[in-house]
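A short reminder: the numbers here are calculations on the coordinates, not readings from a lab. Just so you know, these numbers come straight off a predicted model, no measurement behind them. Every residue, glycine among them, receives a Cβ derived from its backbone with ideal geometry; neighbour counts consider all protein chains shown.
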Amino acid sequence: MPTITGNGCSLHVRIDGPDDGAPVLLSHYLGGRLETFDGQMSALSGRRVIRFDTRGHGASEAPDGPYSIDMLGGDALAILDALNIERADFIGVSQGGMTGMWLASRHPDRIGRLVLANTTPFVPNKPVWDELAAKAVSQGMADIARETISGWLCDAFKAKAPERLETLIDCMATMPVAGYAGNTSVLRDVDLRDALPEIAAPTLVIGGAEDGPRGASVPVMTSAVQNGRSVVLPGAAHLSHIENPAGFNAELVQHLGQAQ
């Protein structure tokens, strides 16, 4: 598991699959880690799968913020550059999807096929992120993690997988406060609405049927990009790759095609 230092931050990276496999880069949600994509590994068999902990998460460095979407996009480019990868497919969930939008619009030559899952180009409720950052600094991450993750998962998943729920909560609860606060700045400031029409990569937009108002971004993004299609998965809210991995993975395979 290499550590890649670039763009002013040391990033924890894991690479699976053959060296000559088609590369695909995965970027997780706020409060996740690279392991939250374990359920997608079988669907990506035969590819060179690159996962990483976003700055401020897991084993990656957590410098003091604020962070920006330009910064997170630059981190992803630093990983591709360090691995001598000119072009990769990209799968991003929630905040990771924002990174994907930035990459595909600003550096279209670096992105092949794009998957944007449970994400949005713009978050209208901006004050909440400063409030959450202040709460993390004053009270720690435990309550934020439980409230956030519980709110992102559908009731059926929480009922059938209580141990998995606790694992996901613990993942967010143990992230550095500085990393959480830095990443909330990204969500507060991001606005990629004007970037969507610049995205020419074949794009799959995935939503969860139980993701509430957040699901409204699915048709908006699908129609705004140049070559988009969308699917809304049943039995899933905001973390559809975890809640409905079979449905999510089937869509991945269809969109990315056969591993070369």
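Worth pointing out:
- Charge sum, other residues only, whose C-beta stays under 13 Å from Pro18's C-beta, Lys/Arg counted +1 and Asp/Glu -1: -1
- For a label point 7 Å along the Cα-to-beta-carbon line of Glu86, residues of the stretch 105-139 with backbone N under 20 Å: 105-114
- Spin-label proximity, Asp170 to the stretch 15-44 - amide N less than 16 Å from point 7 Å beyond Cα toward beta carbon: 32-36
- DSSP bridge orientation in the chain - percent antiparallel, rounded to nearest 5: 30
- Pairs of Cα atoms farther than 14 Å apart, the stretch 16-92, %: 62
- Thr5-Gln226 FRET efficiency (beta carbon distance; Förster radius 51 Å; 0.05 resolution): 0.90
- Across all directions, the shadow cast by the convex hull of the stretch 163-260 built on its C-alpha atoms averages 8.3 square nanometres.
- Percent RCO, i.e. relative contact order, over the stretch 136-177, from Cα pairs under 8 Å lying at least 6 residues apart: 62
- Computed Rg/Rh of the stretch 92-165, alpha carbon atoms with Kirkwood Rh: 1.08
- With a cut-off of 11 Å on the backbone N, the residues of the stretch 177-206 near the modelled label site 7 Å out from Val137 along Cα-Cβ are 178, 181-182.
- Candidate values (1) 18.1, 61; (2) 16.7, 50; (3) 19.0, 65, label of the one derived for Rg and Dmax of the Cα atoms in Å: (2)
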